[in-house]
1. Search segment 336-351 for residues that are over 16 Å from Glu40 (Cα atoms) and pair each with any residue that is surrounded by 15 or more Cβ atoms within 10 Å (Cβ to Cβ) when their beta-carbon atoms are under 7 Å apart and the residues are at least 6 apart or on different chains.
2. Just need a number here: residues in segment 189-208 that are in contact with a strand residue (DSSP E or B) (Cβ under 9 Å, 6 or more places away or on another chain) and open to solvent by 10 Å² or more (accessible area, probe 1.4 Å).
3. What are the residues in segment 209-220 that are buried (at least 18 other Cβ atoms within 10 Å of the Cβ) and assigned to a strand (DSSP E or B), if any?
4. Return a yes/no flag: does segment 246-268 have any residue that is away from ligand 1 (no atom under 16 Å from the Cβ), touching a residue at least 40 places away in the same chain (Cβ under 8 Å) and of a type in the set (D, E, K, R).
5. Write out, first by first residue and then by second, each pair whose Cβ atoms fall under 8 Å of each other, whose residues are 6+ apart or on separate chains, and whose first residue, in segment 291-315, is among the charged types (D, E, K, R) while the second is away from ligand 2 (no atom under 16 Å from the Cβ) and part of a loop (DSSP other than H, G, I, E, B).
6. Within segment 259-268, is even one residue of a type outside the set (S, T, N, Q) and not in a helix (DSSP H, G or I)?
7. Sort through Val180, Val169, Val135 and tell me the only one that's of a type in the set (A, V, I, L, M, F, W, C), modelled with pLDDT of 95 or more, open to solvent by less than 10 Å² (accessible area, probe 1.4 Å) and near ligand 2 (Cβ under 9 Å from one of its atoms).
8. Sort out for me the helices (runs of 4 or more DSSP H) sitting completely within segment 48-159 that have 2 or more residues that are basic (Lys, Arg) and touching a residue at least 12 places away in the same chain (Cβ under 8 Å).
Amino acid sequence: MILVTGGAGFIGANFVLDWLAVNDEPVITLDKLTYAGNVENLHSLQNDPRHTLVQGDIGDRDLVAQLLATHQPRAVINFAAESHVDRSIHGPGDFIQTNIVGTFNLLEAVRGYWSGLAATEKAAFRFLHVSTDEVYGSLAKDDPAFTESNHIEPNSPYSASKAASDHLVRAWHHTYGLPVLTTNCSNNYGPYHFPEKLIPLLIVNSLAGKPLPVYGDGQQIRDWLYVKDHCSAIRRVLEAGRLGETYNVGGWNEKANLEIVHTVCSLLDELRPRADGQPYKEQITYVTDRPGHDRRYAIDARKLESELGWKPAETFETGIRKTVLWYLDNSDWVAHVQSGAYREWVQKQYA
Ligand code: NAD
Ligand code: DAU
């Protein structure tokens with residue numbers, strides 16, 4: 001079996017659902033269930049004997065050690081993190097605690113478990129750390145896309161904390177021989193994406209008749225990948241990645257934020273037109289820019305493509321249509337995640 005941390009969040013939940021859809025190897029999900037963790041994301045596995053959800057913190061070394069000893073996983077995949085850049089600007093403490101201290105404690109618990117395995121299990125064991133392209137910093141308009149050998153130049157408390165965790169993972173390999181793999185992925189989108197992030201926020205605000213907040217001039221560029229393609233990349237790296245290596249994950253889909261906003265508006269105009277017949281783009285509102293806002297990210301995924309033969313299944317056009325349709329079909333999920341805590345965040349960030 002495998003242990004997945006942060007498996008009740010956006011990407012982790014997609015990973016667990018896809019994992020159990022493509023094979024029968026059981027999964028233990030360890031998740032603190034912060035505001036971003038949602039048991040509803042895993043609802044379809046409620047009575048599935050192949051899945052166990054444990055509420056807990058990756059920083060709780062005793063709990064992790066006990067889980068590892070009891071279930072004897074052959075791999076740990078670490079998605080658990082504080083993940084929202086804007087929240088890291090308002091309050092970096094949780095990011096330092098989970099992303100850095102939490103990863104340290106997780107690594108130590110895993111190292112203790114792995115050290116005690118018999119030779120065959122020890123050789124087969126993997127610790128896969130899920131990270132981000134944001135650790136590389138920001139690109140100018142004509143810079144080449146990030147490769148795995150780019151300098152690490154994080155600019156936000158979030159990306160700095162992720163970079164620190166990547167360094168810890170690397171050091172645990174070089175110093176202790178822990179069999180690690182790291183993936184650095186670009187912006188994901190798709191089902192179960194919490195509506196504090198750009199794409200789901202645009203969808204839920206459009207439908208609610210609320211403003212569509214564009215930071216600054218809206219010309220910042222992100223490189224978008226459908227979440228299920230990120231999950232297939234992680235499965236492939238887990239299966240065949242070289243130990244101690246990092247693999248960039250991305251779909252060669254650079255888009256300016258304003259283009260994303262217009263695409264979502266056009267899809268909603270087609271699929272769920274406004275009652276008054278006006279286009280959703282009327283709701284676009286330019287707001288104060290994010291402090292230290294990175295201008296451009298772009299991922300060069302050639303190492304993953306050539307070494308491991310991975311390719312994304314979705315184009316941006318097919319993925320964004322699926323995503324908008326998912327939100328239209330899952331209005332209960334959307335209503336449930338927009339709890340009091342969510343409304344407080346929206347008030348704090350956009351007031
Ligand atoms: P998310 O915020 O949706 O989910 C994070 C999950 O981790 C939640 O379920 C939360 O409850 C859990 N968690 C938080 N602190 C924890 C702790 N101390 N112990 C155990 N569980 C804890 O994030 P996401 O977008 O699904 O991102 C998952 C991972 O992928 C993160 O490490 C993130 O840095 C990375 N990543 C995200 C993107 C993206 O576009 N969303 C892109 C590249 C990499
Ligand atoms: O690049 C990978 C990263 O992508 C992940 O590591 C992070 O966990 C994930 O949150 C995401 O970070 P971003 O900051 O790029 O994503 P976000 O959806 O917050 O913002 C995308 C872009 O849209 C960014 O340039 C900021 C802008 N934006 C965002 C929000 C929430 C707006 O213009 N308005 C908004 O209201």
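1. Ala341/Tyr35; Trp345/Glu196; Gln349/Asp86; Tyr350/Pro213
2. Going through segment 189-208, the residues in contact with a strand residue (DSSP E or B) (Cβ under 9 Å, 6 or more places away or on another chain) turn out to be 189-190, 197-202, 205-206.
Among the residues that remain, those that are also open to solvent by 10 Å² or more (accessible area, probe 1.4 Å) are: 197-198, 205.
Result for segment 189-208: 3.
3. Leu212, Pro213, Val214
4. No: segment 246-268 contains no residue that is away from ligand 1 (no atom under 16 Å from the Cβ), touching a residue at least 40 places away in the same chain (Cβ under 8 Å) and of a type in the set (D, E, K, R).
5. Asp300/Pro144; Glu305/Lys311; Glu307/Arg242
6. Here is the first cut: in segment 259-268, the residues of a type outside the set (S, T, N, Q) are 259-262, 264-265, 267-268.
From what is left, the residues that are not in a helix (DSSP H, G or I) are none.
No, every residue in segment 259-268 fails to be of a type outside the set (S, T, N, Q) and not in a helix (DSSP H, G or I).
7. Details: Val180 fails: near ligand 2 (Cβ under 9 Å from one of its atoms); Val169 fails: near ligand 2 (Cβ under 9 Å from one of its atoms).
Criteria check complete, one pass: Val135.
8. Working: elements: 61-71, 85-90, 103-115, 119-124.
In segment 48-159, no matching helices (runs of 4 or more DSSP H) lie anywhere.
The values are calculated or read from the model by the stated rules, or taken from the named source; none is laboratory data. This one's a predicted model, so the numbers in the text were calculated from it and none came from an experiment. Cβ: placed from backbone, ideal geometry, glycine included. Neighbour counts: every protein chain shown. For the accessible areas, the whole protein counts, side chains as well, though only heavy atoms, and no ligand, DNA or RNA atoms are used. Shrake-Rupley method; radii C 1.70, N 1.55, O 1.52, S 1.80 Å.
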